[in-house]
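The values are calculated or read from the model by the stated rules, or taken from the named source; none is laboratory data. Just so we're clear, the structure is a prediction, and the values are computed from it rather than from any experiment. Cβ coordinates were reconstructed from backbone atoms using ideal geometry, including for glycine residues, and neighbour counts include every protein chain displayed. What goes into the accessible areas is simple: the full protein's heavy atoms, side chains included, and nothing from ligands, DNA or RNA. Shrake-Rupley method; radii C 1.70, N 1.55, O 1.52, S 1.80 Å.
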Amino acid sequence: MTDTDDTTASTHGTAASSRGAATLADWLAARSDAELTDLLRKRPDLAVPPPATIVVLAGRAEQRASVARAADNLTSLDFGILELLALERADEIAVPRATLQDAVGSRATKKTVDATLDGLRSVGIVWGDKASLRIVPAVVATIPWRVGRSAEPVETLDEPGITAALDGLQSVERDILETLSKSSSIGRTRDAAPGTPPDRPVQRLLAAGLLRWIDDETVELPYQVRQVLRGEAVFDPTSLAAPTVTGRKHKPADINAAAAGEALELVRHCEDVVKALGEIPAPALRAGGLGVRELRRIAKTSGIDENRLSLLVELLSAAGLIASGTPDPAPTSDSGENYWAPTTTVDNWLTAPVARRWHALAAAWLELPRMAWFIGMRDANDKPVAALSEEVRAPSAPRDRQAILGLLAELGSGHSADPAEVSRLLAWRRPRWGARLRVHAVERTLDEAATLGLVARGALSSPGRALLHGGDAEAEMHASLPEPVDHVLVQADLTVVAPGPLTPDLLEQITLVADIESAGAASMYRISEDSVRRALDVGMTAAELHSLFATRSRTPVPQSLSYLIDDVARRHGRLRAGVAASFVRCEDPTLLAEVLASPVAASLALRALAPTVAVSQAPLREVLGELRAAGFAPAGEDSSGALVDLRPRGARVLTRRKAPAGRTPAVATDAQLDAVVRTLRAGDLAASARGSGSIRSDGSRASSAATIALLNAAARERTSVTIGYVDAQGVATHRIVDPVSVGGGQLDAFDPASGAVRRFTLHRITSVARVD
């Protein structure tokens, strides 16, 4: 909107006030610079683009859209005060402060009301002096209940009573209430008239207290009944006091320990998802999501619950660790479509410390504009919502998470709260968010926070508090994680117990020589012939394996494990495969002859070059796989004869670095807001200054020459002029400047608003007048 439009809006938007009362523009003009800066900070939309004058600012402050944005942050107490002022017609006339206090009565103290009014004044919704109050007219429409409702008696039914009454309704009665809950709470019906048969649905609902009688043709759905029907937290809008939150006190150390356990499980499961997608990338849906069938396949492969897996893939995508694209290498059944696969950045994440990996996921969740718990629900076409699809998008999600976790932070360290109480208090604080802060939504959000280790046992953890308030969350999580252990317990059944998180070097060795069976605070691994062969394949020797268990096991190494290592090592590597495309060599001619006589020789097209050497056109990895499947135990080697690690890394998708989704726009700094206020003051001064010899540019040569002549004269005489100017963004302003020089199509003039000499383009100057 241009300044001209804003000025017009303010002319029509400011209501006539009583004798002696100022308009909103006059009231704003009387505010200090610090108060105006605070207003622009709390309502940033008023400063975009920067208003030229206070009149323009007042017009914007009264616009319905801007008032609605400001009302989103008001509490039920704020709306209660605004409702009482609206009933006194404060949008038209000034209301004495004493009249408001009489209407409030004993529901709130004078100190509380004064603090509330100060807060409403600071956002420009209430204005006036201490003795008389006005409100902007547009705020009346933002009150989330019918104006006048809080002045009426409270319904006799409480939440349990409403729920019991709803359970006993017939379908036609329930349909009436559902219709009113999804639209306006006011309904028109002839069945509300006295004398209507009591067996009519509306009459039965009136008798049950589920409808309120307004007049002979009008009924209203009570606010609390509406809340129950919509699944929202129930509170009484007539109460100006916030609902209380009871809870339990836990030891912060216990909370952090539980959170650290969840963080370890989260990181491990994300590793499993990355591995599964790296081995077999998942085809992306045409709309870009991950299909239900593929989600189930990954869940079966990784052993992760589908609901948890839905959250994990959203986290990995938000953190840039998986993406949709063309993977390298391409899947064997490549259809030419996009696939969900790990990105090239995932390798750095996999090798990072646990606390850093956790932080990448937790920070991504806090700013993620999506609701993972939507996945699996039915959309408008009765189809399940797919993971990573557009249906999961929810721009308000980061703001809701901040509100929920922020409330837990207010309770203090170690204090937990029931989700229903959290939902009720948040709904009271932000009644216009009620539909988003339903009990079910709060429960699912807290469940996700618990999965990430931000919340444990219903309380905010120290890492969660640090992440929420901009602290060093990674350091807090590192301190909460149990100290890594440098030993294991080898048992007679060839299982290895890790009594805690292992040190990085020991973890790498154990996961190489054993397969994990169960993970947690204490993990269990199992050693098998295949796992021992895997360790030998990457270059470890039998002596190194014996030394590993002898030095790192706190229990005696069972004899069966020593026999297994020796037996596998004795057979391992007797057969060597290399690149020719591939070759197979063996010091034992009899063993190579056995290979050449087996069916695998034909499938690999093996051809003997010598009694101990054969070659194949198949890739080395395929040769090793086929020979192992046939019961042999070959080892891979490079051109120098050294053993090589041929374990597949998995597919990767190359993606461009982009800003995290859902990041909030940059907030204007105090210096920028101060500059806007200075511009406002300068614009007001220019508008009020009396000028002579005014010249308005019409684009003609005569007007341009007259403009230049007047500016040159002002520069010589060192006098001030007021100019109208349109900048490169098309924003029109008026300001008083002191011309310094004119030439080359430019005006250099001292601008008091910025405190410096500025350059103005002459053809953008629309008017010039001397200041008397």
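With 0.36 nm allotted per residue and the present C-alpha distance subtracted, the Thr503-Asp379 stretch has 40.0 nm of extension available. A simple rule links phi to the HN-Hα coupling: the Karplus curve 6.51 cos²θ - 1.76 cosθ + 1.60 with θ = phi - 60°, which for the range 750-760 gives 6, 10, x, 5, 9, x, 8, 7, 10, 10, 10 Hz, with x for Gly and Pro. Taking the Cα centre of the range 384-430 as reference, the dipole from Cβ charges on Lys and Arg (+1) and Asp and Glu (-1) amounts to some 160 debye. Would you be so kind as to identify which of Gly303, Leu591, Ala263 lies farthest towards the positive end of the dipole of the chain, taking Lys and Arg as +1 and Asp and Glu as -1 on Cβ and the Cα centre as origin? Going by the Cα projections, it comes out as Ala263. Measuring between their Cα centroids, the range 549-565 and the range 282-354 lie 38 Å from each other. Accessible area of Tyr725, 1.4 Å probe, to the nearest 10 Å²? Rounded to the nearest 10, the figure is 20 Å². Excluding ligands, DNA and RNA, the accessible surface per residue across the chain is 48 Å² with a 1.4 Å probe.
Once you place label points 7 Å from the Cα toward the Cβ at Asp158 and Asp347, how far apart are they in nm? Label-label distance for Asp158 and Asp347, simple model: 6.4 nm. Checking the cross-link pairs Lys182/Lys383; Lys42/Lys110; Lys182/Lys300 against a 31 Å limit on the alpha carbon distance flags Lys182/Lys300 as lying beyond it. Kirkwood Rh and Cα-based Rg: tell me the resulting Rg over Rh for the range 184-259, rounded to two decimals. Radius of gyration relative to Kirkwood radius: 1.32. Using the Cβ-Cβ distance between Ala65 and Ser518 with R0 set to 56 Å, the FRET efficiency from 1/(1 + (r/R0)^6) comes to roughly 0.50. Placing unit charges on each Cβ (+1 for Lys and Arg, -1 for Asp and Glu) gives the chain a dipole about its Cα centre, and among Val126, Gly631, Leu536 the Cα reaching farthest toward its positive end belongs to Val126.
In order along the range 303-320, the phi-based Karplus estimate (6.51 cos²θ - 1.76 cosθ + 1.60, θ = phi - 60°) of 3J(HN,Hα) comes to x, 9, 4, 4, 5, 5, 4, 4, 5, 5, 5, 5, 5, 5, 5, 5, 7, x Hz; Gly and Pro are listed as x. Recomputing percent of Cα pairs over 44 Å apart from the coordinates shown identifies the correct label among (i) 39; (ii) 51; (iii) 57 as (ii). This model, with +1 at the C-beta of Lys and Arg and -1 at the C-beta of Asp and Glu, gives the chain a dipole about its Cα centre of some 1560 debye. Of the solvent-accessible surface of the range 315-365, computed with a 1.4 Å probe and all protein chains present, 49% belongs to carbon and sulfur.
The calculated FRET efficiency for the pair Gln672 and Arg393, based on their C-beta separation and a Förster distance of 25 Å, comes to about 0.25.
Estimated at 0.36 nm per residue, the fully extended path between Ser547 and Leu762 surpasses their Cα-Cα distance by 68.9 nm. Placing pseudo-labels 7 Å out from each Cα toward the beta carbon at Ala610 and Ser239 gives an inter-label distance of 9.2 nm.
Label-to-label distance for Arg628 and Ser32 is 7.6 nm, based on points extended 7 Å past Cα in the beta-carbon direction. Each of the peptides 416-422, 701-707, 74-80 was scored by the mean count of other Cβ atoms within 10 Å over its residues; in descending order, highest first, they stand as 74-80, 416-422, 701-707. Between Glu717 and Ser183, the contour length at 0.36 nm per residue exceeds the alpha carbon distance by 185.5 nm.
Between amide H atoms placed 1.01 Å from N, distances below 5 Å from Ile322 occur with Ser317, Thr343, all of them 5 or more places distant or on a separate chain.
Among Phe583, Phe750, the sequence by solvent-accessible area, most first, with a 1.4 Å probe is Phe750, Phe583.
For a quick check: with amide H placed at 1.01 Å from N, whose amide H comes under 5 Å from Thr766's, ignoring anything fewer than 5 positions away on the same chain? Those lying under 5 Å, H to H, from Thr766 are Gly724, Tyr725, Val726.
With a Förster radius of 41 Å applied to the C-beta separation of Arg296 and Gln559, the computed FRET efficiency comes to 0.40.
In the range 216-304, which GluC sites (Glu not before Pro) are in a loop and have at most 16 other Cβ atoms within 10 Å, using DSSP for the loop call?
Those satisfying the criteria are Glu217.
Counted over the chain, the DSSP beta bridges are approximately 95% antiparallel. Using a cutoff of 8 angstrom between alpha carbon atoms and counting only pairs six or more residues apart, the relative contact order for the chain works out to 11 percent.
Of the residues Met477, Met377, Met540, the one with the largest accessible area comes first in the ranking Met377, Met540, Met477, computed with a 1.4 Å probe on protein heavy atoms. Close amide H contacts of Val740 (hydrogens built in the peptide plane, cut-off under 5 Å, sequence separation of 5 or more or a different chain): Asp748, Ala749, Phe750.
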